[in-house]
Amino acid sequence: MLTLHGQPNSLCDGISRRGFLRIGGLAMGGLSLSQLLQAEAQTGSRPSQKSIIMVFLPGGPPHMDSFDPKSEAPSEIRGEFEPIETNVPGIQICELFPRMAAIMDKLAIVRSIVGVPNDHAAFHCLTGRRRNLAPQPGPQPSGGWPSLGSVVSKIHGPREAGVPPFVSLTPKMRLDTWEDPGSPGFLGPAYAPFRPTGPGFDDMVLKGITTDRLRDRRKLLASLDQFRRDVDASGMMAGMDKFTQQAMGVLSSTKIVEALDVSREDPKVRAKYGSGRVRLAAESKDDYPSTGDLEHFLIARRLVEAGVRCVTMTFGKYDWHSVNFREARYTFPLLDLGVAALVTDLHERGLDKDVTVVVWGEFGRTPQVNRNGGRDHWPNVMSAVLAGGGMRTGQVIGSTDRLGDSAKDRPIHFEEVFATLYHNVGIDLEKTILPDLSGRPTPLLDFREPVRELVG
């Protein structure tokens with residue numbers, strides 16, 4: 001929670017010194033921002049320019065109706081959609097993804113991901129590890145497993161002064177396990193994500209300018225400029241150590257504020273991403289909470305450009321136990337628009353070698369369509385889409401059997417995908433052994449080799 005408005009013992013602009021220096025929601029654990037920055041600086045590593053954007057698809061999208069079509073399977077398996085050709089000969093995907101089909105040379109599809117638990121949670125997509133959950137509990141280190149963004153923050157630290165290395169755009173969801181922004185685990189709260197959305201969104205205030213009003217640029221920048229002048233005039237800066245000065249820099253810097261303000265974007269580029277929040281087609285009441293925002297794809301790109309190392313976001317809701325095909329007709333075209341716009345934009349800006357994009361959910365869905373026209377949980381196998389990061393794209397890796405029931409060729413454990421993400425941001429898993437809260441040396445993953453077809 002970040003709240004900067006009038007309190008007792010305030011500066012001349014009404015901002016409390018105590019309220020200014022304490023940023024509990026940013027550190028996600030009650031640490032001051034100066035403590036956060038100090039912890040990050042202790043890594044002593046050379047800054048890397050690599051970043052990751054993770055798009056989590058909560059509920060588990062049906063692999064047969066998206067990126068692993070089974071046109072020759074029986075109708076109760078095949079479903080209602082037809083495959084379409086892509087710009088890479090021999091690769092087909094669902095007809096509801098024409099934009100991604102047109103840029104398949106910039107994408108890589110993994111159709112044979114195995115090892116995922118039957119767990120309705122973002123946890124394993126964020127950490128590469130299982131939660132301690134029956135019937136398939138995973139061993140937990142003291143303090144818990146850290147998420148990808150927290151590890152990157154720990155190893156590489158901030159890339160730009162005044163820019164948090166890990167940002168989550170996850171909205172409020174009906175399941176709290178879906179709105180998980182990524183826990184710092186045994187690394188501690190100094191490496192938790194900054195959340196400009198979510199539970200603390202309405203409490204982020206800068207001199208009366210809320211994040212809901214970021215588009216009012218003149219008022220926001222005037223507020224920040226006045227803030228700088230007031231602080232300098234008070235003589236506070238001279239008496240602070242460098243970490244507190246960096247903390248002051250985060251608050252008075254406009255980099256994150258500007259990245260979140262999509263009104264600054266070229267209107268032509270912004271139009272390519274579209275706008276609007278996603279809701280369930282079957283439950284499209286006005287009071288139904290959104291399950292993602294198309295503008296978050298654009299914001300994610302703006303954040304990595306501003307210096308953020310890892311951005312996690314959630315888009316859609318795919319727990320389609322009923323009316324699977326109606327929901328897909330609504331949600332898939334929006335996902336197609338967002339992913340295609342993001343990947344194309346990264347290439348046009350020359351960021352495709354530095355920014356890795358991964359799009360996946362927590363598991364697949366049953367090959368058999370149930371009596372309610374839906375598909376149920378299916379952890380046996382799932383698909384994922386990857387792009388950027390200097391990876392070899394324009395290919396499909398692995399396959400499932402004729403019915404989409406299980407991996408047939410080249411089964412790939414989900415930890416191997418995670419190892420690829422770490423590889424792409426310059427983290428050597430063989431050498432990266434971090435102590436948990438009990439001091440025990442802890443490897444980040446058991447599967448430490450990246451997917452050779454992508455990076456070999």
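The values are calculated or read from the model by the stated rules, or taken from the named source; none is laboratory data. Predicted model, so just to flag it, every value in this text is computed and none were measured. Virtual Cβ from ideal backbone geometry, glycine too; neighbours counted across all protein chains shown.
Of note:
- Here Leu342 passes the criteria (1) out of contact with any strand residue (DSSP E or B) (no Cβ under 7 Å at 6 or more places or on another chain); (2) surrounded by 23 or more Cβ atoms within 10 Å (Cβ to Cβ) except the one numbered (1).
- Listed conditions (1) of a type outside the set (D, E, K, R); (2) more than 27 Å from Thr366 (Cβ to Cβ); (3) modelled with pLDDT of 55 or more; (4) surrounded by 23 or more Cβ atoms within 10 Å (Cβ to Cβ) are all met by Ala39, apart from (4).
- Of the candidates Thr170, Thr177, the single residue that is farther than 23 Å from Ser438 by Cβ, crowded, with 22+ Cβ neighbours inside 10 Å and touching a Lys or Arg at 6+ places or on another chain (Cβ under 9 Å) is Thr170.
- Condition check for Met54: at pLDDT 95 or above, of a type outside the set (Val, Ile, Thr), assigned to a loop (DSSP other than H, G, I, E, B) and touching a helix residue (DSSP H, G or I) at 6+ places or on another chain (Cβ under 9 Å): no
- Within the range 80-98, residues that are touching a residue at least 24 places away in the same chain (Cβ under 8 Å) and within 25 Å of Arg326 (Cβ to Cβ) reach partners that are of a type outside the set (A, V, I, L, M) and assigned to a strand (DSSP E or B) with beta carbons closer than 6 Å, at six or more positions or on different chains, in the pairs Phe81/Cys94.
- The set of residues from the range 73-129 being more than 23 Å from the chain's Cα centre (by Cα), polar (S, T, N, Q) and not in a strand (DSSP E or B) comprises Ser75, Thr86, Asn87.
- Test: residue in the range 104-117 that is closer than 18 Å to Leu57 by Cα, among the charged types (D, E, K, R) and either surrounded by fewer than 18 Cβ atoms within 10 Å (Cβ to Cβ) or modelled with pLDDT of 95 or more (or both): yes
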